[in-house]
Structure formats: structure tokens, C-alpha cells
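Contents: one structure, followed by commentary.
The values are calculated or read from the model by the stated rules, or taken from the named source; none is laboratory data. On a predicted model such as this, the values are computed, not experimentally measured, just so you know. Protein only, heavy atoms only, side chains kept; ligands, DNA and RNA dropped before computing areas. Shrake-Rupley method; radii C 1.70, N 1.55, O 1.52, S 1.80 Å.
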Amino acid sequence: MKRVIAAVILLMLIGTFLLAYKGQSTEEHTGFTTHRVISHAMGAVDGLAYTNAREAFVENYKKGSRVFEVDLMFTSDGHLVARHEWTESFTKQMQQEHAVATEQGGKPWSYYQFKNTPIHGSYTPLDWKDVLDLLEKYPDAYIVTDTKEQDSAQIKRLFAQLTL
């Protein structure tokens, strides 16, 4: 009998706790705070991560994502593009090694190289203007930027381009 009473009391306490917990958040969320998931590097596309590709954005948007993280870097000629890194290993991971001369190593590509080299042979690389175009076409989407720059002059240049 004591066990039954203890079990009933325990269930009542758990129920009270759950009701109190559920009732804690009466704050109304709006905008990007209504979303609990951020699609990293525009989200995976066909099981491939870190692409920052147009198709990744569109596929994840269709699945319900509305907050997208995009990696931003400069090309060798100063264009802001969606790329996670310029390393040789990353270039191979994205199956783009044929686009870069061996002596170029892990250095930034030119804008022309970047825009004319599909990711994994078929996905579209994005520059900053392309990202803004996506936001215009999908007005309920949000972008979180991830920049790798550490030099203060580069950071200032980056934010100057973000506001264009």
C-alpha cells in the first residue's frame, strides 16, 4: 500500500513539474527565433555537407529550414563568396581539384574560377549577390554569416561588402 501511495505522489509531482515547465515560456517568438535549426553551410544536399550551394539552400528550404548559415570568404581578386575554406583537402572534398593549378595550393581562387567550377560536378557556387538574391526570392529565410577572416582590414572590407 505504501508503494502505491508513493507512486501516486510521484506521478502527481511529475505532472505538476511538467505543467509548470510547459507554462514557463509565455514569451512569443517572432522572426528567426521561431526556428530551432540552422542549416550549416546552407544545409546538406544529397547527403553532402559544407557545399554552401544554391541547391543546398533550396532543398533545405523545401524541407522547412528558414535559418541558413553561410561561410564567407574573399576570392583572390576581392569578391565575397560562399566558401568554407580554400585548402587543398577541402577542394578535393568538393571534387573541384581539377579547377586549380597544383602550384596554387590552398590559396584563394579567382572569382572566375570559383563561379565556373561546380561543386561535386553539379552544384552552383554562390557569391554574396547570389545569397542576397535568394533572400529576396525567399523573404521568410534568414542568413547567419560565418567569416574566417582575422585581419582587421579584411574584416572591415567584408562588412563593407555585406552592406552593399
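Using a probe radius of 1.4 angstrom, the carbon and sulfur fraction of the accessible surface of segment 42-164 is 53%.
Summary value for segment 69-164: 34 percent relative contact order, contacts being C-alpha pairs under 8 angstrom separated by 6+ residues.
What does the accessible area of Trp86 come to, in Å² to the nearest 10, when a probe of 1.4 Å is used? My reading of the accessible area for Trp86 is about 10 Å².
Among the listed pairs Lys62/Lys137; Lys63/Lys115; Lys92/Lys148, a Cα-Cα separation exceeding 18 Å is found for Lys63/Lys115; Lys92/Lys148.
Pull out a ≥ b ≥ c, the square roots of the eigenvalues of the alpha-carbon gyration tensor of segment 37-164, then state rounded if a/c is under 1.5, prolate if not and a/b is larger than b/c, and oblate in the remaining case. Oblate shape, in that a/c is at least 1.5 and b/c is the bigger or equal ratio. For segment 57-71, the Karplus equation 6.51 cos²θ - 1.76 cosθ + 1.60, evaluated at θ = phi - 60°, returns couplings of 4, 4, 4, 6, 4, 4, 7, x, 5, 10, 10, 10, 8, 10, 7 Hz by residue, with Gly and Pro reported as x.
Among Tyr61, Tyr50, the order of accessible area from largest down is Tyr50, Tyr61, computed with a 1.4 Å probe on protein heavy atoms.
If you roll a 1.4 Å probe over the heavy atoms of the protein chains, what accessible area per residue do you get for segment 40-125, in Å²?
Numbers: 3860 Å² over 86 residues.
Per-residue value: 45 Å².
At the residue level, Asp127 shows approximately 20 square angstrom of accessible surface with a 1.4 angstrom probe and all protein chains present. Take Phe74: with every protein chain present and a 1.4 Å probe, its accessible area is about 10 Å². Under 5 Å from the amide H of Tyr142 lie the amide H atoms of Val67, Phe68, each residue being 5 or more positions distant or on a separate chain, with H modelled from the backbone and absent for Pro and chain starts. For Lys156, the aspartates and glutamates whose Cα falls under 15 Å of its own Cα, not counting residues fewer than eight places away in the same chain, are Asp146.
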